[in-house]
1. Which of Pro227, Pro24, Pro159 moves most in a GNM of the chain, Cα contacts under 10 Å?
2. Leaving ligands, DNA and RNA out of it, report the carbon-plus-sulfur percent of the accessible area of the range 106-190 at a 1.4 Å probe.
3. Take every DSSP beta bridge with both residues inside the chain and express the antiparallel ones as a percent of the total, to the nearest 5.
4. What is the distance, in nm, between label points placed 7 Å from the Cα along the Cα-to-Cβ direction at Asp77 and at Glu171?
5. Between rounded, prolate and oblate, where does the range 183-223 land on the alpha carbon gyration tensor, with a ≥ b ≥ c its root eigenvalues, rounded for a/c under 1.5, else prolate if a/b exceeds b/c?
6. Tell me whether the range 142-209 comes out rounded, prolate or oblate; compute the Cα gyration tensor, take square roots of the eigenvalues as a ≥ b ≥ c, and use a/c under 1.5 as the rounded threshold.
7. Can you tell me, using C-alpha contacts under 8 Å and at least 6 residues apart, the relative contact order of the range 3-132 as a whole percent?
8. What are the residues whose amide H is under 5 Å from the amide H of Ile89, where those residues sit 5 or more places off or on another chain and H is modelled from the backbone?
Amino acid sequence: RRIVHRIIDAADIQPDDIVVEIGPGRGALTKSIVEAANSVILIEFDEDLAADLTERYSDNASVRVAHADARTLDTSDMPEIGDRPYKVIGNLPYYAAAPIVRNLLEQAHQPELLVVMLQREVAREMTAQPGKMGLLSVATQLYAEPRTVCQAPPRAFTPPPKVHSTVIKLEVRQRPAVEFDSVESFFTLARAGFAAPRKTLAGSLAVGFSKKPTDYAGLIEQAGLDPRQRPATLSMDDWGALYAQWRQSEPTA
């Protein structure tokens, strides 16, 4: 119950909020969400669990259950949301957590915030700071500012899982952290930047684009960065500077 309260508090639910809960399962979080918000949409992938939730809340007009896959969910299809702000809460299935978060952050109409429980290692990468960042860190922080809410040890669950969990809060940015021509072109660069993360930035880009490190040293320096630094050390501002220089240098990049 302590962790449930931490999640609800972090989401700062107001009575007129629209809340989308991802993966309600047997409803450990759902009751508290329904008590706090006047409009709740439950997204459940398991057909039997979705049917149980539908029956449980059949007399509550403020709750709708959708049997859907949150990895491909399009919130624009939900009449309850329209162009109104909404929040996302969820204990995400660990095998699908990263795709779910990325799908929600890349929506045309993004949530204003997400409070989600993830496997501890995934949460660490999403919230990582320069020096420990990876491609998932960049993909998350491009759209949101993440912070850790609390830890959830195995004993907090019944039955206890074999992994540790972490609750994080993602406050969605009004605009992406990097100004790009298209998100696809930005991730073309980011994926190349992490193609060989143990190498220098110049070396990793060379692996990612199948060229020589010397082809990238000058480009990196022109972006105000050191070609010898590791990809994990770049901040989002650094990625913005590198992307701008890379787009200027195309097609040679």
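1. In the Gaussian network model the winner is Pro159.
2. 46
3. Numbers: 15 of 34 bridges.
Percentage antiparallel, nearest 5: 45.
4. 3.2
5. Values: a/c = 1.74, a/b = 1.23, b/c = 1.41.
Because a/c hits 1.5 or more and a/b fails to exceed b/c, the range 183-223 counts as oblate.
6. oblate
7. 25
8. Excluding prolines and chain starts, which carry no amide H, the hits are Val20, Glu21, Ile22, Val115.
The values are calculated or read from the model by the stated rules, or taken from the named source; none is laboratory data. Just so we're clear, the structure is a prediction, and the values are computed from it rather than from any experiment. Here the Cβ is made from the backbone with ideal geometry for all residues, glycine too, and neighbour counts use every protein chain on show. Surface areas here come from the heavy atoms of the whole protein model, side chains and all, with no ligands, DNA or RNA. Shrake-Rupley method; radii C 1.70, N 1.55, O 1.52, S 1.80 Å.
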